[in-house]
Every structure is written in C-alpha cells, then in structure tokens.
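Since every read-out is calculated from the coordinates, none of them should be taken as a lab result. Here the structure is a predicted model, which means the values were calculated and not measured. Quick reminder, even Gly has a Cβ in these numbers, built from the backbone with ideal geometry, and neighbours come from all protein chains shown.
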Amino acid sequence: MISRVEMVSVVIPTLNEAGNILETVTTIHKKIAYPKEIIIVDGNSTDGTKEIVKDTSFCKLIIEPRRGYGLALRTGIKHAKGDIVVIVDGDGTYEVKHINLLLDTLIKNDAELCQATRMYDLRKAMGFTNFVANKIITFCFDFFYSQFLSDTQSGFRAISRSALEKVELYEDDMAFATEMLVQFARKGFKMVEVPSSYKARKYGSPKMRRIKSGIEIFTTMVKGFIK
Ligand SMILES: Nc1nc2c(ncn2[C@@H]2O[C@H](COP(=O)(O)OP(=O)(O)O)[C@@H](O)[C@H]2O)c(=O)[nH]1
Ligand SMILES: [Mg+2]
C-alpha cells in the first residue's frame, strides 16, 4: 500500500537504443505528473545511447556492463529512491505517455503493482509468435497463481517500493518479469492492469532469445509453484 508519493523512480534498461531512447525519456519527462527521477541502466551501448542520455539534463546514467535485462533492472532498482518504481523498456515499444494512468491506478486501487497490458489493442499487437507464447505463459500463470492478468510479459509496470523490498529477485534475463509476478502472487500482493498498446520497434533489434527466454520463464513459474 502506498500512503504518500514523494518521488517516482523510472528505471529503463538500454542496450543499443540510440534511435529510441530520446523519445522515450522526453515523453516521460514531459508527461509524468509526479516528482520523478529517470534512471537509465545502460549495458555499455556502442551506438551512442550513453551520449544521448548524458546530453539530457534530467536522466541519471548507470553503466551496468554485465548482460541481462533482469540484472540491469535489479541494478537500477537498487539505486532508485522513489516510493514507486516504474520499469519500462527503452526501445520505444510501450506507450510511455500512459505513465500517469499506471501510477494513478496503482495508487487508487491500493495495489502493489500496476502493469500496462497490450492485449486490448490487437490491431497493434506484437508479432504472432510472441503473442501466442505470451498467451500460453499468461494462461498458465493465471491458472497456477489464481490471477486475472492478461499480459504477463509486459515490461511497463509501476510497482510499490515497499513490495519490492519484501521479495528477492534473482533472474538475470527476461524471466525477471515473470519472477516478479510469481513472487508478488505468492505474497498475496494486489496486481492490476491498465489497457495500453504495443508499438513496433523503429530502430535496432530485440535482444531477447525466444527459446532460451521461454524455457527460463516456464522454469520460473514451475519453481515458484512447487516451492
Ligand atoms: N542494460 C541492458 N539492457 C538490456 C539488455 N538486454 C536488453 N536490454 C534492454 O531491455 C529492454 C527490453 O529488451 P528487448 O530486446 O526490447 O526485449 P523484448 O522487448 O523482450 O524483445 C530494451 O530497452 C533493451 O535495450 C542488457 O543486457 N543490458
Ligand atoms: Mg522490446
């Protein structure tokens, strides 16, 4: 439960997102209606991402040379000072202009996590394989953990800091997002969603390795269930 919001920490992992990051951070900077810090956790990009971030006056840059989406986020979250932590990708695929909707909904519902679901706008849906894999993973997650989420692989989330402090997250890569939901469900934390949409990547390529990530995500769900 969040009683007072003095600051929101927005944590963004980046690995070679030079063509995407400026629009992402500028939109957040302009739209967010709460006091904020924007933390970029960069994996030592070689395409100019770090320089673009340094040139903004409103971002903190952390270099995390070790690889992994989850690891980058864990590093960023350690530095975050806010009562609420927002995580979002720096690849321009999420509607970051919906950030206040996530924050307001989290607070209004006294929830511990509010995430953007990309499943209500199928015209702009993600690629077919990702969509089907997401549906299967989400069905299994909801079934085993008695939840009603529609997009477990959403990486755009507002999370209460106090809830994050009550769980231990270890996943270094894409399974991090699922591990967080598994841990939150096991603790009985309230999780809600808001409709948002998916945008195609304009620059660069996804770093996710689908089969490896799929196996890790399923292993994370099963481990959480039998523990
Ligand atoms: N710092 C850091 N960021 C990463 C790493 N891998 C991915 N990212 C970032 O994490 C976000 C999600 O990665 P992406 O490749 O788009 O994964 P997908 O959306 O699941 O295909 C993007 O902003 C990436 O730049 C990494 O090893 N280190
Ligand atoms: Mg992406």
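Could you work out how much longer the chain between K81 and Y170 gets when fully extended? Use 0.36 nm per residue separation minus the Cα distance between them, nm to one decimal.
30.0 nm
Starting with the fewest neighbours, write out H98, H79 ranked by other beta-carbon atoms found within 10 Å of each beta-carbon. Could the numbers behind the result be given before it?
Working: H98 19, H79 13.
Starting with the residue having the fewest Cβ neighbours, the order is H79, H98.
Using all Cα-Cα distances in region 81-181, what percent lands in each 5 angstrom bin from 0 up to the longest?
Distribution as computed: 2, 12, 20, 26, 23, 12, 4, 0 percent.
Which GluC sites (Glu not before Pro) from region 79-179 combine a DSSP loop assignment with at most 14 other Cβ atoms within 10 Å?
Those that pass, being in a loop and sparsely packed, are E168.
At a Förster distance of 30 Å, what's the computed FRET efficiency of K135 paired with N109, Cβ-Cβ distance as r, to 0.05?
FRET efficiency, K135 to N109: 0.75.
Of Y170, Y69, Y94, which has the largest mean-square fluctuation in a 10 Å C-alpha GNM of the chain?
For the chain, modelled as a Gaussian network with Cα springs under 10 Å, the answer is Y170.
Per DSSP H run of n ≥ 4, the term is -39500 (n - 2.57); total these for the chain, divide by its residue number, and report the mean residue ellipticity at 222 nm rounded to 500 deg cm²/dmol.
Mean residue ellipticity at 222 nm (helix-derived): -12500 deg cm²/dmol.
Would you mind checking which residues have amide H under 5 Å from K36's amide H? H placed 1.01 Å from N; only 5 or more apart, or other chain.
Hits under the 5 Å cutoff: V8.
Relative contact order of region 8-226, please, whole-number percent, based on alpha carbon pairs below 8 angstrom and at least 6 residues apart.
25 percent
Hey, what does the equivalent ellipsoid look like for the chain, semi-axes from the Cα gyration tensor as sqrt of 5 times each eigenvalue, largest first, whole Å?
With the √(5λ) rule applied to the chain, the semi-axes are 24, 21, 17 Å.
Please compute the length gained on full extension between S162 and M208, using 0.36 nm multiplied by the number of residues separating them and subtracting their Cα-Cα distance.
Extending this stretch completely gives an extra 13.6 nm.
Of C59, C114, how do they rank once you tally other Cβ atoms within 10 Å and put the fewest first?
C59, C114
Calculate the length of the line joining the C-alpha centroid of region 123-161 to that of region 163-194, in whole Å.
Taking the Cα centre of each part, region 123-161 and region 163-194 sit 13 Å apart.
As a test, work out the antiparallel percent of DSSP beta bridges whose residues both lie in the chain, rounded to the nearest 5.
Taking every DSSP beta bridge with both residues in the chain, the antiparallel ones total about 30 percent.
Would you mind calculating the gained length between F58 and F128 on full extension (0.36 nm times residue separation, minus the Cα-Cα distance), in nm to one decimal? List each step's numbers first, then the result.
Numbers: separation 70, 0.36 × 70 = 25.20 nm, distance 3.67 nm.
The span from F58 to F128 would gain 21.5 nm if fully extended.
First measure r as the distance between the Cβ atoms of H29 and K190, then evaluate 1/(1 + (r/R0)^6) with R0 = 25 Å and state the FRET efficiency to the nearest 0.05.
Efficiency at R0 = 25 Å is approximately 0.30.
Looking at region 106-187, which trypsin sites (Lys or Arg not before Pro) are in a loop (DSSP not H, G, I, E or B) and have at most 14 other Cβ atoms within 10 Å?
Those that pass, being in a loop and sparsely packed, are K166.
Any of K81/K199; K31/K202; K36/K227; K166/K199; K36/K202; K78/K135 with alpha carbons more than 25 Å apart? Name them for me. Walk me through the numbers before you get to the answer.
On the way: K81/K199 29 Å; K31/K202 21 Å; K36/K227 37 Å; K166/K199 33 Å; K36/K202 27 Å; K78/K135 31 Å.
Cα-Cα > 25 Å for K81/K199; K36/K227; K166/K199; K36/K202; K78/K135; rest within.
Go through region 1-91 and name the GluC sites (Glu not before Pro) that are in a DSSP coil and have 11 or fewer other Cβ atoms within 10 Å of their Cβ.
Taking region 1-91 and a limit of 11 other Cβ atoms within 10 Å, the loop GluC sites (Glu not before Pro) found are E6.
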